[in-house]
1. Restricted to the stretch 247-270, and to residues that are in contact (Cβ under 8 Å) with a residue 24 or more places away in the chain and outside any loop (DSSP other than H, G, I, E, B), which residue is farthest from the chain's Cα centre (by Cα)?
2. Exactly one condition in (1) within 48 Å of the chain's Cα centre (by Cα); (2) part of a loop (DSSP other than H, G, I, E, B) is false for residue 278; which is it?
3. What pairs can you find where one residue is in the stretch 94-108 and aliphatic (A, V, I, L, M), the other is assigned to a loop (DSSP other than H, G, I, E, B), and their Cβ atoms are less than 7 Å apart, with a gap of 6+ or different chains?
4. For the subset of the stretch 67-81 comprising residues that are touching a residue at least 24 places away in the same chain (Cβ under 8 Å) and not in a strand (DSSP E or B), which member is farthest from residue 165 (Cα to Cα)?
5. Picking from 138, 131, 142, 147, which residue would you name as being aliphatic (A, V, I, L, M), touching a residue at least 40 places away in the same chain (Cβ under 8 Å) and assigned to a loop (DSSP other than H, G, I, E, B)?
6. Would you confirm whether any residue within the stretch 160-167 is closer than 24 Å to residue 67 by Cα, surrounded by 20 or more Cβ atoms within 10 Å (Cβ to Cβ) and under 23 Å from the mean Cα position of the chain (by Cα)?
7. Go through the residues of the stretch 82-101 one by one and say whether even a single one is assigned to a loop (DSSP other than H, G, I, E, B), modelled with pLDDT of 90 or more and of a type in the set (D, E, K, R).
Amino acid sequence: MAQTASARGSLEGLFTGPQDLIERLPMLRIVLQKTAGNWVEQIRGISATVPEVVLVGVESGPPESMIAATAHQGVACVLEAPKWNARLIICADYEFVFTIVEMLLGGDGSEPTTISDRPLTRTELKLTQLAFERFANALEQAFATVAPTNFVAGPAAPRVSFDVLGRMTVPIVTAKFHLFALGLGGGVTLMMSQSVLSPMRNELSRAAGPEAVRPDPAWSQKIQSEVSRANVDLVAVLDEHELPLADVARFEVGQVLRLRATPDSVLRVECNGEPLINCEIGKANDVYALRVRDFIDQEREFMEDILAS
């Protein structure tokens with residue numbers, strides 16, 4: 001009994017300075033950030049509207065204060081983690097519920113949202129349950145390389161018992177997410193006992209590697225799409241001459257400037273002064289046209305200019 005009490009005291013000693021523990025587990029924040037990105041991909045499969053999900057913050061504190069912070073939540077459910085022998089809680093506010101309902105039922109967010117204390121309908125609970133199940137899948141994917149387990153989402157309900165988290169003498173970790181879509185949005189909070197993290201503290205204390213800091217693929221795709229839609233000016237250069245400024249100053253209207261180029265000459269296409277491609281000139285549908293001959297190797301051009309000089 002004495003040894004058991006001593007071991008229990010040592011374990012509880014790990015939880016002194018709860019917020020310091022979060023800072024000592026950098027991979028936890030990375031895993032939760034991955035969860036946000038994974039959740040977007042999960043929702044993409046059930047909604048025509050793709051939301052934005054951000055991790056607002058991660059904190060730890062006494063159970064009383066952590067639970068009190070969720071007093072105005074509208075719905076919650078229990079996540080079973082069998083391999084961890086633990087239970088987590090996910091809860092969401094009314095704004096999140098109404099945003100999910102708009103998304104999954106094909107709304108456009110134009111109808112004003114009425115926030116009230118009325119009980120949530122069965123449809124609202126079922127749709128929120130679907131979003132929670134996708135969150136459980138996203139969380140499972142994010143933890144796969146750290147501490148694999150499957151998460152099973154229980155039924156969504158207005159209230160759940162916080163006793164499922166474990167002993168109320170151990171601090172609780174909360175991760176807050178926010179979902180944006182259709183000009184609407186709402187908050188989601190994931191809660192777990194710090195004792196859940198104890199067996200995986202070695203893995204979670206690792207410094208983030210290159211894989212962990214990879215950009216979110218959804219955002220990368222969006223940025224690439226926006227950049228590729230930008231308008232740019234292309235300039236086709238047929239020939240170039242170097243003339244004294246005095247000759248340029250004597251140009252007159254109607255004067256003919258002779259070029260060394262011929263119909264068989266290669267034109268250079270530039271963008272912002274940077275050469276891009278070589279083209280051949282021709283005609284198509286009675287208008288002049290350019291046909292791409294090859295792409296310009298800028299590094300090679302640079303070296304040839306140096307050698308020529």
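1. The residue in question is 266.
2. The single condition residue 278 does not satisfy is (2).
3. Matching pairs, first to second residue: 97/74; 97/120; 103/47; 103/49; 103/51; 103/182; 104/46; 104/47.
4. Only one residue fits best here, namely 74.
5. Within the list 138, 131, 142, 147, the selection yields 147.
6. No, that holds for no residue.
7. yes
Residue by residue, here is whether (1) hydroxyl-bearing (Ser, Thr, Tyr); (2) touching a Pro at 6+ places or on another chain (Cβ under 7 Å); (3) within 16 Å of residue 191 (Cα to Cα) holds:
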position: 52; (1), (2), (3): no, no, no
position: 57; (1), (2), (3): no, no, yes
position: 68; (1), (2), (3): no, no, yes
position: 85; (1), (2), (3): no, no, yes
position: 91; (1), (2), (3): no, no, yes
position: 100; (1), (2), (3): no, no, no
position: 121; (1), (2), (3): yes, no, no
position: 129; (1), (2), (3): no, yes, no
position: 151; (1), (2), (3): no, no, yes
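The values are calculated or read from the model by the stated rules, or taken from the named source; none is laboratory data. For clarity, every value in this text was computed on a predicted model and none was experimentally measured. Virtual Cβ from ideal backbone geometry, glycine too; neighbours counted across all protein chains shown.
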